[in-house]
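The values are calculated or read from the model by the stated rules, or taken from the named source; none is laboratory data. Because the structure is predicted, anything quoted here is derived from the model rather than measured. Heads up, the Cβs are rebuilt from the backbone with ideal geometry, glycines too, and the neighbour counts pull from every protein chain shown.
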Amino acid sequence: MKSELKELGEKMQYGDEDEIVVHEKNWKKDIAMELINVFGDYSNKNFIDLIWDISQLGFDSPREVQVIIDSNMNTFCSVGSVSFVSFDGQEDELTKGKRLTLPLKCWLHTHPFGRAYFSGTDQKTVNTWRLFLEDAIVIGNNETARINLKEGYSQITHYGYAGDEEE
């Protein structure tokens, strides 16, 4: 019973990849194609919005989605739970087909609950990869948080106008 509770807790915390229902079967290809459409500008709002929309609507429930863009502008994507994403259980994305090449241009991921900020886990990830990572973007609902290690700056961007909010 104790091990079953531990397993359930892990599924709740990290997501159970076997339980994910995918509504958008070509979501990874859609992301790769949109990167081409925006001429490699991974901070382009259309690209950001696509990743956000996939995170919100592409699966059985809102989930974290991460996208790694390598130095050859190849995309590597994975999906997780509402609060955590990794490549665990999705290693084929990194080992089959195209090879990930360093340095990484950008690591993007969503916070499907809506807030764009670098959590403690996100900060540890950026710190671990800092020598091989040029840019990191967290995507929230109409906002992004960015740490650009190559240029040496960080920023928060809110999209829309103050008058757009419903009262």
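So the values come out like this:
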| quantity | calculated |
| --- | --- |
| Breaking point among (1) of a type outside the set (Asp, Glu); (2) assigned to a loop (DSSP other than H, G, I, E, B); (3) in contact with a helix residue (DSSP H, G or I) (Cβ under 6 Å, 6 or more places away or on another chain); (4) at pLDDT 95 or above, for residue 118 | (3) |
| Where a residue in region 78-91 is at pLDDT 90 or above and in a loop (DSSP other than H, G, I, E, B) and its partner, wherever it lies, is aromatic (Phe, Trp, Tyr) and surrounded by fewer than 16 Cβ atoms within 10 Å (Cβ to Cβ), with Cβ under 9 Å and at least six apart | 82/113; 83/113 |
